[in-house]
1. For the chain, set up a GNM with springs between Cα atoms under 10 Å and report which of 122, 46, 82 has the largest fluctuation.
2. Sorting 240, 132, 48 on the 10 Å Cβ count, fewest up front, what's the list?
3. Using only the alpha-carbon atoms, how far is helix 74-83 inclined from the longest principal axis of the chain? Give it as 0 to 90 degrees, nearest 10.
4. So for 72, 50, fewest C-beta neighbours within 10 Å to most, what's the order?
5. Can you tell which of 163, 63, 228 shows the greatest fluctuation in a Gaussian network model of the chain with Cα springs below 10 Å?
6. Could you give the distance between the Cα centres of the range 222-243 and the range 25-55, to the whole Å?
7. Using label points projected 7 Å from each Cα along Cα→Cβ, tell me how many nm separate residue 218 and residue 83, to one decimal.
8. Gain in length, residue 204 to residue 90, computed as 0.36 nm per residue apart minus the alpha-carbon separation, to one decimal in nm?
Ligand SMILES: C[S@@+](CC[C@H](N)C(=O)[O-])C[C@H]1O[C@@H](n2cnc3c(N)ncnc32)[C@H](O)[C@@H]1O
């Protein structure tokens with residue numbers, strides 16, 4: 001089988017709006033927007049999303065905020081630039097990027113899953129802290145924890161857009177329960193002119209315990225609070241970390 005990885009953010013990035021369309025993020029966006037408004041109040045607060053991808057989630061949040069978005073992938077940033085023309089976009093790595101400005105809130109959605117070691121996860125939190133004013137907020141939402149991940153997890157779906165149809169199977173498993181990584185393999189099926197084309201893509205993502213998250217957030221200069229985030233397709237628990245930057 002192919003060892004090619006993260007194709008969804010490079011040569012297969014054109015699939016993103018079909019596979020995971022912006023409307024799928026409306027409920028999550030509403031919860032995050034309401035948390036931000038509750039804590040930051042009205043007004044044009046400055047928010048930064050690290051790992052914004054296609055900007056599908058940000059699309060439901062950005063209105064009324066002064067928003068900036070960072071992602072590693074130029075192809076994904078191109079989607080977000082089209083969808084969110086009022087947002088400032090930068091290419092960068094959430095572990096190392098320094099924009100030289102501060103924000104009232106930093107958001108890291110599922111892109112945090114790509115932090116595969118404790119050092120990477122800490123580096124992303126340190127980046128968030130470096131871009132926040134004292135008292136500013138980090139909102140972070142990983143997909144899984146050691147406590148919630150069951151192996152294997154399998155998901156499949158057929159998605160149709162105006163000019164495209166794709167069926168994808170997503171298979172997540174834990175090759176080594178003693179490390180901090182799990183793997184998701186995507187198989188994409190395209191029916192084109194009576195022929196079947198199949199593409200495979202592998203993603204290595206991080207898996208940490210809830211207590212590791214709490215410790216690394218605290219070490220990186222945050223007071224973390226964990227609240228329910230009921231937005232999974234399979235009913236497993238998910239949590240939103242709402243973290244205040246300490247002085
Ligand atoms: C699942 S996509 C995010 C989708 C996004 N939530 C949306 O609403 O469209 C994950 C993103 O994480 C980005 N990413 C992975 N590692 C990163 C890193 N170290 N720094 C910044 N972005 C990263 C990828 O380029 C990809 O665009």
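Every number in this text was worked out from the coordinates using simple rules, so none of it is lab data. Note that the coordinates shown come from a computational prediction; the quantities given were computed from them, not determined experimentally. No Cβ is skipped: glycine too gets one built from the backbone with ideal geometry, and neighbour counts run over all protein chains shown.
1. For the chain, modelled as a Gaussian network with Cα springs under 10 Å, the answer is 82.
2. Numbers: 240 20, 132 23, 48 29.
Ranked by crowding around the Cβ, least crowded first: 240, 132, 48.
3. 70
4. On the way: 72 19, 50 26.
Final ranking by Cβ density, sparse to dense: 72, 50.
5. Largest GNM mean-square fluctuation: 163.
6. 15
7. 3.6
8. Details: separation 114, 0.36 × 114 = 41.04 nm, distance 2.38 nm.
Full extension from residue 204 to residue 90 adds 38.7 nm.
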